[in-house]
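Take a look at the structure set out below.
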Amino acid sequence: MPTRGDAIAVPAGGALARARVSRLGDRAWAAALVAFGGAVLVIAGLILLELGRESLPAWQRLGVLRLLTSTDWDPVQDKFGALPFIYGTLVTSAIAIAVALPVSVGLALFLSEMGPKRLRAPVAFSIEVLAAIPSVVFGLWGLFVMVPWIRDTLQPLLQKTLGFLPLFQGPRIGLGYLAAGLILAVMILPTISSVTNEVLKTVPLSLKEGALALGATRWEAIRMAVLPYARPGIFGAALLGLGRALGETMAVTMVIGNSPEIHASLFAPGYSLPAVIANEFAEATGAVHLGALAALGMVLFGLTLMLNALARLLVRAVAHGPGRAVA
Amino acid sequence: MTSLRRRRAVNGFWTAACGLGVLAAVLPLASLLWLVVSRGASGLSWSFFVNLPTPVGEPGGGVGNAIAGTALLVGIASLVALPVGVGAGVFLAEKGDGRLGELVRFTSEVLSGVPSIVVGIVAYGLAVVPMRRFSAIAGGLALALLMVPTLARTTEEFVRLVPGSLREASLALGVPRWKTSVRVVLRTALGGIVTAVLLAVSRAAGETAPLLFTSLNNQYWNLRPDQPTASLTVQIFNYAISPYEDWHQKAWTAALVLLMLVGGLNLLARRLARNRMMEGTR
């Protein structure tokens, strides 16, 4: 084949130039991609740096301990104690996880193992819809539907049956820790159930089939083969949900009652870290007030960062872990 | 045999429990959608889409400026976030197997869990403080910072769906790598990338918290990027927490408009994604 050999053997000047251009193009393209990837790291650094810079006046003036452990928040008198907000954030997130985790795991099991096949697609679709609803709309619904329901139905019921517990005492307002916790539960449901579902999918089929072949019922196979394998991943999913609950702002701001106090009762109005930032940041005057709010943002950032990192590592460990010991 | 019956009963119990979980998730959703539609629909009219807000009790007010404001904010955010986010996603898919790739992937995963209000504080420091005023630029910057990590991750997923054989065929023909990336891989993944973009835009349009102290609000029309701007979400918030029945009604109607916007974008994204998948299997 002489013609073909000729074409390869005699590179014209044009081809060489083209090769050089394409090498240059390759290098430029690679550099551009690395730059875009690096931009993500720059954003992370920027967030950290900016939070540090803005909150500096507060850390300097008040000190970490006073800011985070005193309970008196009165910007007019220059008093900045964030404990009521931290308490509110922790209590509402705890309620949210306590409610949402069992529901989400049930939901994920329904979607992957237990549910009738015909129902799975519509249920999965509704969970996706739930995940797409903006948080201010959840807040609107919480304010005008859930809060009245808590005030007129749930609270009287709980007070009649368990009213001797300080947890359920107090006037019937509706706004408060429980309202915020319940709305958070609804909001983090899609996160936890979809990650749990992903984790369940990574469980080797042979484990479940082995259990079923030994005569286990479907539930027994899930309890003895599937859940133990998936447990770290489900824990990770719960942490992801917790991270969302800690930082969720609008819905909580609208239903928690916005009162900077600490109450034992779940029906009492409280406050949360994101809510106080949302309510006061735009009108904050003075470097210390602004700084204190930014410092709370930094606490929130640190908390969610740790939770998210831990959660991702756990979920990955399950997904990548065929050789992992089944504990 | 009784033991078997007991085991079956336990199995049935837990199956029912899972069903209950489904109910617990679907009921609030149904209630929410029903109320937004039923209470919001009564306030829908042409004037609601085009008029400025009116004081309490004065009829005929709308959220026209807030809709325009949301469009402006999301537009500014997209201008910054789309190239960076999509670029980062392509980086992860094409060159993301090294240590830098792992780091970038992990960082964007972790960043997508950062509360949006925290990002608002950052945008405040970066844009509001130097400009000495609340502005659409500040709000857009906040939304952009939120969009980049999620955009990077979804873009990566879609670009990775492109079969390796396509890339190899192109390289085997002597096409340079960058041209293969742009003309073959990205072109094939275009539908998926558009899906990722639509999802990011719909999420940004629904954000409220980071706008409260960056773009603030505005009672009037504004299309200038350096001025405070109304947005649909902040308007819903303000109407909802007001003590007036008239404004509550407007909050529901505005929520319906927001849900239609977000839902429309999501449905469009899903359609595109489905087409994409089918093409991949063909």
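Observations on the structure shown:
- Within the stretch B:100-137, tally of residues that are basic (Lys, Arg) and either touching a residue at least 40 places away in the same chain (Cβ under 8 Å) or assigned to a helix (DSSP H, G or I) (or both): 2
- Hits in the stretch B:115-125 (condition: more than 13 Å from A:GLY45 (Cα to Cα), crowded, with 23+ Cβ neighbours inside 10 Å and of a type outside the set (S, T, N, Q)): B:PRO115, B:ILE117, B:VAL118, B:GLY120, B:ILE121, B:ALA123, B:TYR124
- Considering the stretch A:127-140, the residues that are among the β-branched types (Val, Ile, Thr) and under 22 Å from B:LEU23 (Cβ atoms) include one that is nearest to the other protein chains (Cβ to nearest Cβ), namely A:VAL137.
- Restricting attention to the stretch A:112-126, the residues that are of a type in the set (Phe, Trp, Tyr) and facing chain B (nearest Cβ under 8 Å) total 0.
- Candidates B:LEU166, B:LEU190, filtered to the one that is away from chain A (no Cβ under 14 Å), part of a helix (DSSP H, G or I) and over 24 Å from the mean Cα position of the chain (by Cα): B:LEU166
- Taking the numbered list (1) at pLDDT 95 or above; (2) within 12 Å of chain A (Cβ to nearest Cβ) in turn, B:VAL114 passes all entries but (1).
- Qualifying residue in the stretch B:53-75 (condition: assigned to a helix (DSSP H, G or I), within 12 Å of chain A (Cβ to nearest Cβ), surrounded by fewer than 22 Cβ atoms within 10 Å (Cβ to Cβ) and among the β-branched types (Val, Ile, Thr)): no
- Residue check, B:ASN275 in a helix (DSSP H, G or I), of a type outside the set (Gly, Ala, Ser), closer than 21 Å to A:GLU248 by Cβ and modelled with pLDDT under 95: no
- Within the stretch A:246-272, residues that are within 12 Å of another protein chain (Cβ to nearest Cβ) and closer than 19 Å to A:PHE80 by Cβ sit with their Cβ atoms under 9 Å from residues that are in a loop (DSSP other than H, G, I, E, B) and β-branched (Val, Ile, Thr), at 6+ positions apart or across chains, in these pairs: A:SER272/A:THR249; A:SER272/A:ILE256.
- When B:VAL74, B:VAL63 are checked against the criterion of being in the same structural domain as B:SER108 (by TED's automatic domain parsing) and either among the hydroxyl-bearing types (Ser, Thr, Tyr) or farther than 19 Å from A:ALA132 by Cα (or both), B:VAL63 stands alone in meeting it.
- When residues of the stretch A:194-218 are limited to those that are without any contact (Cβ under 8 Å) to a residue 60 or more places away in the chain and within 11 Å of chain B (Cβ to nearest Cβ), the one farthest from A:ALA132 (Cα to Cα): A:GLY215
- Every condition in (1) at the interface with chain B (Cβ under 8 Å from one of its Cβ atoms); (2) among the small types (Gly, Ala, Ser); (3) surrounded by fewer than 21 Cβ atoms within 10 Å (Cβ to Cβ) is met by A:ALA319 except one, and the failing one is (1).
- All of A:LEU175, A:LEU109, A:LEU143 fail the test of being farther than 17 Å from A:LEU189 by Cβ, at the interface with chain B (Cβ under 10 Å from one of its Cβ atoms) and either surrounded by 19 or more Cβ atoms within 10 Å (Cβ to Cβ) or among the basic types (Lys, Arg) (or both), apart from A:LEU143.
- Flag for B:VAL182 being within 13 Å of another protein chain (Cβ to nearest Cβ), of a type in the set (Val, Ile, Thr), free of Cβ contacts under 8 Å to residues at least 24 places away in the same chain and out of contact with any Lys or Arg (no Cβ under 7 Å at 6 or more places or on another chain): yes
- Within the stretch B:241-258, being surrounded by 15 or more Cβ atoms within 10 Å (Cβ to Cβ) and more than 17 Å from B:GLY62 (Cβ to Cβ) holds for one residue alone: B:ILE241.
- Flag if B:LEU199 is within 12 Å of chain A (Cβ to nearest Cβ), without any contact (Cβ under 8 Å) to a residue 40 or more places away in the chain and of a type outside the set (Ser, Thr, Tyr): no
- Within the stretch A:51-66, at least one residue is free of Cβ contacts under 8 Å to residues at least 24 places away in the same chain and either of a type in the set (Val, Ile, Thr) or in contact with a Cys (Cβ under 6 Å, 6 or more places away or on another chain) (or both).
- Condition met for B:GLU58 (out of contact with any Cys (no Cβ under 6 Å at 6 or more places or on another chain), under 30 Å from B:GLN227 (Cβ atoms) and either in the same structural domain as B:LEU211 (by TED's automatic domain parsing) or in contact (Cβ under 8 Å) with a residue 40 or more places away in the chain (or both)): yes
The values are calculated or read from the model by the stated rules, or taken from the named source; none is laboratory data. Since the model is a prediction, treat every value here as computed from it, not as a measurement. Neighbour counts are summed over all protein chains in view; Cβ atoms, including those assigned to glycine, are modelled from backbone coordinates with ideal geometry.
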